[in-house]
């Protein structure tokens, strides 16, 4: 029983330390704003985030808590998505 309690506590701590939004949600939000040429602070950007159920604080927290290597992958995915919106292919 004690071992189970410790495991549950450990899982709760793990989830509390990570970002509230997933990498996929972050990519979707940033791509959507990029496709509509909106920034996070613009009215259009705020509406997009609201529609997706994401707050500016979630975005900031994701950036702070995500490893640099993951952020590099994320930035590449966002760039590819936004380029597709403009009809450009970034892949060979």
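Every read-out reported here was derived from the displayed coordinates using simple, explicitly stated rules and does not represent laboratory data. Because the structure is a prediction, the values reported are computed rather than measured. Here the Cβ positions follow ideal geometry from the backbone for every residue, glycine too, while neighbour counts run over all protein chains shown.
Measuring r between the beta carbons of residue 80 and residue 40 and using R0 = 22 Å, the FRET efficiency lands at 0.65. Taking a quarter of the surface of the Cα convex hull of region 35-79 gives a mean projected area of 3.4 nm².
In this label model, residue 47 and residue 88 are separated by 2.5 nm, measuring between points 7 Å along each Cα→Cβ vector.
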